[in-house]
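Worksheet for the structure shown next.
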Amino acid sequence: MKLIVSIGDINGIGLEIFLKAVNQVFSENLNIDFTLSGNKKSINEYISLIKDKLNFNCFVENDIHINNHKIEIKEIDTYSPIYFGKISPIAGKLAGESIELSAKEVLNGNYDAILTLPINKDAFNLANNNFPGHTEFLASICNVDSPLMILCSQGINVALVTIHEAIKNVPNLITTDILNIRFQQFFNSLVQDFAYAAPKIAVLSLNPHAGENGKFGSEELDTIIPAIKNSYLKDHLFGPFPADGFFAHGSYKNYSGVLAMYHDQGLIPLKLLADGGGVNFTANLPIVRTSPDHGTAFEISGQGVADHKSTYEAIILAKEIFMKRKKT
């Protein structure tokens, strides 16, 4: 498998956790070839600053060398000096150019999948990248109107109806149309990408106690329940369930996937359950894209202490999904 990697924010932990994860992949002989999309001078500076904190040999000489293995560098002209933990527009520019180049390389069939390392949203936007995050930017590159964010860990798959939206806007965004789109997208991905023959999807409520028959909100009665009952996928849809008890009592174990109404409703419990190992997967794209489920961690960047578990699992999931799509 050929995996291309976008460099993320060069002032964060992204490159560190990538190198650590790749070292583990190489040690396990998992037959993955890596290419990092970035600026060679920036990469060399970064590695020079942290190499003494790594427990393996790593240096840049045309390519990145880790022990007896190498990672090809796909050069980007934009050079960003390394200022660990600092917001930098030039770092945001390098991150955006890396994402765009990497995604287009996969679209053109030169690579099998893309792994995106974490970006800093402020730096990204300061570089005139006018998107809330990776998900929306990649959808634009791929000419897709409605991407689906799925967070995964150890067989738990949580998808979101709304993604990067202010809480005050969420109720008005929960419409029959968007729910039907998400039901279909999630069902398709669970079949195609996760190999469930007959997925069972748990749908979470928007309001506490699923609205308590309208006492705490009417979205369940007016929109969510009718959408489930009228969907042609209704035999695969269950709920809506109050989110607190659903996760607290382990009900998620009985379903192929969980559809949350908004970002934190689904991602907080998933990340707690993942214990540092969750993966962000973008469904409904013509390419396979995974990412670690965390940010740039500026507060510990450059210290060599970042945990690479999530990045390693994102690499493994990218390969698994690519192989499943290849078989269909």
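We did not get these values from a lab; they are worked out from the coordinates using the rules stated. No experiment lies behind these values; they were computed from the predicted model shown. Virtual Cβ from ideal backbone geometry, glycine too; neighbours counted across all protein chains shown.
Of note:
- Three-way shape label, the chain, alpha-carbon gyration tensor, a/c 1.5: prolate
- Net dipole in debye of segment 1-142 [+1 Lys, Arg Cβ; -1 Asp, Glu Cβ; about Cα centre; nearest 20]: 220
- When the chain is treated as a GNM with alpha-carbon contacts under 10 Å, the residue of Gly277, Gly217, Gly257 showing the greatest mean-square fluctuation is Gly217.
- The chain: calculated mean residue ellipticity at 222 nm from DSSP helix runs of at least 4, using -39500 (n - 2.57): -11500 deg cm²/dmol
- Here the Karplus relation 6.51 cos²θ - 1.76 cosθ + 1.60, evaluated at θ = phi - 60°, turns the backbone of segment 120-137 into coupling constants of 9, 4, 5, 5, 4, 6, 5, 8, 6, 8, 8, 9, x, x, 3, 4, 6, 5 Hz, with x for every Gly and Pro.
- Under the shape rule built on the C-alpha gyration tensor, where the axes satisfy a ≥ b ≥ c, segment 130-233 is oblate, since a/c reaches at least 1.5 while a/b does not exceed b/c.
- Centre-to-centre, using Cα atoms only, segment 243-268 and segment 276-323 are separated by 21 Å.
- Charge dipole (the chain, unit charges on Cβ, about Cα centre) - positive-most of Phe137, Ile90, Ala198: Ala198
- Cβ-derived FRET efficiency at R0 51 Å, Ser27 paired with Lys234, nearest 0.05: 0.60
- Within segment 153-177, backbone nitrogen closer than 17 Å to the virtual label 7 Å beyond the Cα of Lys324 toward Cβ: 153-160
- Helix axis angle, 14-27 relative to the chain longest principal axis, alpha carbon, degrees: 80
- Remark: segment 83-92, residue by residue, has Karplus-estimated 3J(HN,Hα) of 10, 3, x, 10, 7, 9, x, 5, 5, x Hz, where x stands for each Gly or Pro and the curve is 6.51 cos²θ - 1.76 cosθ + 1.60 at θ = phi - 60°.
- Counting Lys and Arg as +1 and Asp and Glu as -1 over every other residue whose Cβ lies under 14 Å from the Cβ of Gly96, the net charge comes to -3.
- Phi angles of segment 52-62 translate, via the Karplus equation with coefficients 6.51, -1.76, 1.60 and θ = phi - 60°, into HN-Hα couplings of 6, 9, 8, 9, 8, 7, 8, 7, 10, 8, 6 Hz per residue; Gly and Pro are given as x.
- Taking other residues whose beta carbon is less than 12 angstrom from the beta carbon of Asn11, and scoring Lys, Arg as +1 and Asp, Glu as -1, yields -4.
- Across the chain, Cα pairs under 8 Å and at least six residues apart give a relative contact order of 24 percent.
- Chymotrypsin sites (Phe, Trp or Tyr not before Pro) within segment 208-243, DSSP loop, no more than 13 other Cβ atoms inside 10 Å: Tyr232
- Whole-number percent relative contact order across segment 1-151, with pairs defined as alpha carbons under 8 Å at least 6 apart: 31
- Per-residue Cβ neighbour rank within 10 angstrom, fewest leading, Thr78, Thr135, Thr116: Thr78, Thr135, Thr116
- Placing a label point 7 Å from the Cα of Ser140 along the Cα-to-Cβ line, the residues of segment 103-124 whose backbone N sits under 19 Å from it are 103-107, 116-124.
- Near the amide H of Asn120, within less than 5 Å, lie the amide hydrogens of Asp9, all on another chain or at least 5 residues away, with H placed in the peptide plane.
- Computed label-point distance, nm, for sites Asn213 and Asn67 using a 7 Å Cα→Cβ extension: 6.4
- Neighbour-count ranking [beta-carbon atoms within 10 angstrom, fewest first] of His65, His236, His134: His65, His236, His134
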